[in-house]
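Q: Next up is a structure, given as structure tokens.
The values are calculated or read from the model by the stated rules, or taken from the named source; none is laboratory data. Values in this document were obtained by computation on a predicted structure and should not be read as measured data. Cβ coordinates were reconstructed from backbone atoms using ideal geometry, including for glycine residues, and neighbour counts include every protein chain displayed. The area values use the complete protein model at the heavy-atom level, side chains included, leaving out ligands, DNA and RNA. Shrake-Rupley method; radii C 1.70, N 1.55, O 1.52, S 1.80 Å.
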Amino acid sequence: MSSKHQDGGRQGRPPDGVEWGENTKQTHPEYPEPEPKPPGWHNKNTDADNIRRRFGIAPFENDYNWDPYPNCLIHETRTEDRGTDHVGGTNWLAVGEKGSGKSTWGLYWATRLMEVNDEAVVWRGAPTRSEWLPLKPWTRLFLPENADVDATWKPKVITEDLDGEAADLDDVVREVIYYEDPRDINEQLQPGTFNVVYPDPSFSGCGEIMAESDYMAQPVEWTPKWNATEGDDATPLVHWWFAYCIAKLEYGPYGWVSLIFDETADFAPDNVRADRHESYEKVNALRRVMADSRKFHFSLFFLAHHEENLHSKIRRTIQWRVDMPDGTSNPCKENHDRPPLGYNQIPMKHDLLSMRDVGHCIFWTEGNFNPITWDDIHEFPEDDHRWLKISLSQPYARAGGEVTAQGGPADD
């Protein structure tokens, strides 16, 4: 599975006469709903093929002897027969320490989802992270229209003289899209695309989404940071994602969509308790979403350092696990390991992972497992020593000659 495309690798070449990400179907705004594709379909005019060419990733072939990996990757409806026995959306929790390649695995998985299912992938954007940059030529970047956006390049090593250099987002990514609320994002997703979404600090539309939904048991107050009277009054920005997930099920559209949540510890950790932000009830709502997501063609994938980084209520709904190569053994019977929450048994008898390098993982359910090798998706050379910080703050609008903050008092 690690064989290379003939034009791949770090010096891979884009198609003649264009740059990476250009002249694919997904660059055109009028992209029709695709017909279902069989496993292994290969179209050289898609983003997925363009990405694979850049990074030397061979086309997917379902040549596995056991079912966990293809069952999770290949998404099909009840009317399709694509060689798996799972229908609808899927999920996994990938666990590994820092340096085990979790973010790269997430980008690789995104590429496979786009290739195999021609589906829209949503990557969780965060102000302190930009692990999505290796896919920047193909990125549709969603930013909230009800917030001010500041983008700067930051050095990975603080001694480097780069801090504060402004970034022109229109030059960084394929397309920048400003959205009104979570529903607006889902309406603008296109098949076969990679979409990085940054949450809205004004929480526009979130109150209505949650109030109208049966997934949330009680009303929720959403307080932007600039309207908070005390430090702990502000709703955590990451809570916006609860409203997004609910909106996907409540309002659609219902084409195939996968959400990849890189770094889960700040979203729904196991130590969440009832508080003024209804954090515990939001986790309960996400559990209900996870239980129903399969039939709505919505898949959710979580990357974490430890199992406890994702709340137990969510872990009980996870059907697949991915163990990353971090120098420790995969769960196995010879070590007398206990099954994770929601599982009754561990299918692996022996340690298959502790001596493996990055690029290997164990993909498993309680019934079977697949040892997987995956290809590196590395940064472009200009990004070797920098990362992109996108800060979202109180929006400003001119009215009657005065600059006023939307959602807050006028500035003196």
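Q: Return the only residue of 102, 98 being at pLDDT 70 or above, among the charged types (D, E, K, R) and buried (at least 16 other Cβ atoms within 10 Å of the Cβ).
A: So the residue among 102, 98 that is at pLDDT 70 or above, among the charged types (D, E, K, R) and buried (at least 16 other Cβ atoms within 10 Å of the Cβ) is 102.
Q: Here's a follow-up. Does segment 273-291 include one or more residues that are touching a residue at least 40 places away in the same chain (Cβ under 8 Å), more than 27 Å from residue 185 (Cα to Cα), open to solvent by 10 Å² or more (accessible area, probe 1.4 Å) and in contact with a Lys or Arg (Cβ under 9 Å, 6 or more places away or on another chain)?
A: no
Q: So, in segment 354-383, how many residues would count as being closer than 27 Å to residue 197 by Cα, open to solvent by 60 Å² or more (accessible area, probe 1.4 Å) and out of contact with any helix residue (DSSP H, G or I) (no Cβ under 8 Å at 6 or more places or on another chain)?
A: 2
Each row is one residue, and each column tells you yes or no for (1) polar (S, T, N, Q); (2) closer than 22 Å to residue 393 by Cα.
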position: 172; (1), (2): no, yes
position: 186; (1), (2): yes, no
position: 196; (1), (2): no, yes
position: 213; (1), (2): yes, no
position: 224; (1), (2): no, yes
position: 227; (1), (2): yes, yes
position: 232; (1), (2): no, yes
position: 252; (1), (2): no, no
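Q: Return the residues of segment 61-84 that are in a loop (DSSP other than H, G, I, E, B) and modelled with pLDDT of 95 or more; say none if nothing qualifies. Lay out the reasoning, then the answer.
A: Step one: list which residues in segment 61-84 are in a loop (DSSP other than H, G, I, E, B), which gives 61-67, 74-84.
Matches in segment 61-84: 74, 75.
Q: While we're on this one: Specify which of the listed residues (301, 296) is of a type in the set (Phe, Trp, Tyr), within 23 Å of residue 210 (Cα to Cα) and under 16 Å from the mean Cα position of the chain (by Cα).
A: Details: 296 fails: under 16 Å from the mean Cα position of the chain (by Cα).
After ruling out the rest, the residue left standing is 301.
Q: Kindly list the number of the only condition in (1) without any contact (Cβ under 8 Å) to a residue 40 or more places away in the chain; (2) under 25 Å from the mean Cα position of the chain (by Cα); (3) open to solvent by less than 20 Å² (accessible area, probe 1.4 Å) that fails for residue 348.
A: (2)
Q: Can you confirm whether residue 113 is aliphatic (A, V, I, L, M), assigned to a strand (DSSP E or B) and in contact with a helix residue (DSSP H, G or I) (Cβ under 8 Å, 6 or more places away or on another chain)? Give the derivation first.
A: Values: aliphatic (A, V, I, L, M): yes; assigned to a strand (DSSP E or B): no; in contact with a helix residue (DSSP H, G or I) (Cβ under 8 Å, 6 or more places away or on another chain): yes.
Answer is no for this residue.
Q: With the requirement that a residue be within 15 Å of the chain's Cα centre (by Cα), of a type outside the set (S, T, N, Q) and more than 18 Å from residue 238 (Cβ to Cβ), what does segment 183-203 give you? Lay out the reasoning, then the answer.
A: So in segment 183-203, the residues within 15 Å of the chain's Cα centre (by Cα) come out as 185-186, 189, 192-199.
Applying the additional criterion that residues be of a type outside the set (S, T, N, Q) yields 185, 189, 192, 194, 196-199.
Passing the criteria: 189, 192, 194.
Q: Cβ-Cβ below 6 Å, separation at least six or inter-chain, first residue in segment 118-133 and assigned to a loop (DSSP other than H, G, I, E, B) and modelled with pLDDT of 95 or more, second of a type in the set (Val, Ile, Thr) and open to solvent by 10 Å² or more (accessible area, probe 1.4 Å): which pairs?
A: Matching pairs, first to second residue: none at all.
Q: Right, next: So the check is Cβ under 6 Å with 6+ separation or different chains; which pairs have a first residue in segment 145-159 that's part of a loop (DSSP other than H, G, I, E, B) and a second one that's of a type in the set (Gly, Ala, Ser)?
A: Every condition considered, the pairs that remain are 146/202; 146/204; 147/202.
Q: Still on this model: So, of the residues in segment 73-90 that are among the charged types (D, E, K, R) and surrounded by 14 or more Cβ atoms within 10 Å (Cβ to Cβ), which turns out to be nearest to the chain's Cα centre (by Cα)?
A: Initially, segment 73-90 is screened for residues among the charged types (D, E, K, R), giving 76, 78, 80-82, 85.
Going one step further and asking which of them are surrounded by 14 or more Cβ atoms within 10 Å (Cβ to Cβ), we end up with 76, 80, 82.
Numbers: 76: 20, 80: 26, 82: 24 Å.
Out of the qualifying residues, it is 76.
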